Amino acid sequence: MKLRLHQFLARTGVARNNFDIMQMIKKGRVRVDKDVVTAESFIFDTNRRRVFLDGKEINLQPTRYFLVNKPKGHSCQRGEYPNVTDILENILKTEPEAMRSLFVVGRLDRDTEGLLILTNDGKTASKILQPIEKIEKEYEAVIDGSLTPADIEKLEAGVTIVVESEDYKTAPAKVKLVKRVKIPMSCKTTSVARIIITEGKKRQVRQMFEVVGHPVISLKRVRIGTLKLEDIGERWVKEVTRSDVIDAIALD
Ligand code: URA
């Protein structure tokens, strides 16, 4: 397998973040076979060459796959706290390198809860993230106001949201009203809806409901492909195999 040097180091779990990886390389602490390499973009065949950090050989971590039920308030961004990786601490407390090699596939906002995949398998992760794969992601949203059939029609056909400061029309989606809830002692109504999208633009679901006049009050991802939040059970984390993930999202 061919990897860039910084990708290789990330997957060995020797560093806490990208900055630390860059520093290790820049300071000449990393050797590939006999050569000190100071270019993080250096590409090499991991099966043919050996890598040393401060003279000690380092190796890729075996690939691991975890389903995590992310609580509200946890961040998916490395270096931000509390972090989703904290949830794995109990399971991986004797394996800090394995823990540091993991990354989130398809982030959730800090204020969104629900199903996440964490892995150190970059190849599978990038397949999941390829828009061309059109993997379904299902969310349960509690939204302000009463969602109407006309709103559903607009959302399903695609609405214009903002992605990286540009207008972007969302791909066709599926939307279902689960129930409307009257707030006692007020004239307000909220709605619970399920929405299935195949993209993953920043704050996409929140923006989509905002466009049709129903800001999101709370949001939970309940499914990715055929992987379901309820599969995790009572615990916050479930370790699964590569084939569990591959089959669930119909890859390969
Ligand atoms: N859509 C959002 O708006 N937020 C998420 O976290 C995921 C999808």
- Might you report the magnitude of the Cβ-based charge dipole of the chain about its Cα centre, with Lys and Arg at +1 and Asp and Glu at -1, to the nearest 20 debye? 280 debye
- At 222 nm, what helix-only mean residue ellipticity would the chain give, in deg cm²/dmol to the nearest 500, using -39500 (n - 2.57) for each DSSP H run of four or more? -6000 deg cm²/dmol
- Message: Between VAL142 and ARG4, how high is the FRET efficiency from 1/(1 + (r/R0)^6) when r is the Cβ-Cβ distance and R₀ = 41 Å? Nearest 0.05.
- Response: 0.45
- Query: Using a Förster distance of 41 Å, how high is the FRET efficiency between ILE217 and VAL32, based on the Cβ-Cβ distance and rounded to 0.05?
  - Reply: 0.20
- Query: Using the Kirkwood formula over every pair of different C-alpha atoms, what hydrodynamic radius in Å results for region 2-58?
  - Reply: 10.9 Å
- Message: Using Cα springs under 10 Å in a Gaussian network model of the chain, which residue among VAL14, VAL237, VAL36 shows the largest mean-square fluctuation?
- Response: VAL36
- How many nm separate the modelled label positions at ARG110 and PHE19, each set 7 Å beyond the Cα in the direction of the Cβ? 1.7 nm
- Note on the structure: Comparing ALA125, ALA141, ALA171 in a Gaussian network model of the chain (Cα, 10 Å), the one with the largest mean-square fluctuation is ALA171
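So between SER126 and LYS154, what do we pick up on full extension, going 0.36 nm a residue minus the alpha carbon distance?
My answer for the length gained is 7.1 nm.
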- For region 128-169, state what percent of all Cα-Cα pairs lands in each successive 10 Å bin, counting from 0 Å until the bin that includes the largest distance. 20, 41, 35, 3
- Compute the convex hull volume of the Cα atoms of region 136-224, divide it by the residue count, and report the result per residue in Å³ as a whole number. 87 Å³
- Whole Å is fine, so just give me how far the alpha carbon centre of region 209-242 lies from that of region 155-193. 16 Å
- Message: Restricting to Cα pairs below 8 Å that are 6+ residues apart, what does the relative contact order work out to for region 116-214? Please round to a whole percent.
- Response: 34 percent
- the chain - convex hull of alpha carbons, volume per residue in Å³: 149 Å³
- Query: Any idea of the accessible area per residue across the chain, 1.4 Å probe, to the nearest Å²?
  - Reply: 56 Å²
- Message: Given a 1.4 angstrom probe, I'd like the percentage of the accessible area of the chain that is carbon and sulfur, rounded to a whole number.
- Response: 50 percent
- Message: Could you tell me how far the Cα centroid of region 27-58 sits from the Cα centroid of region 89-135, in Å?
- Response: 26 Å
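The values are calculated or read from the model by the stated rules, or taken from the named source; none is laboratory data. Here the structure is a predicted model, which means the values were calculated and not measured. FYI the Cβ positions are ideal-geometry reconstructions off the backbone, even for glycines, and counts take in every protein chain you see. Accessible surface is based on the protein model in full, side chains and every heavy atom, while ligands, DNA and RNA are left aside. Shrake-Rupley method; radii C 1.70, N 1.55, O 1.52, S 1.80 Å.
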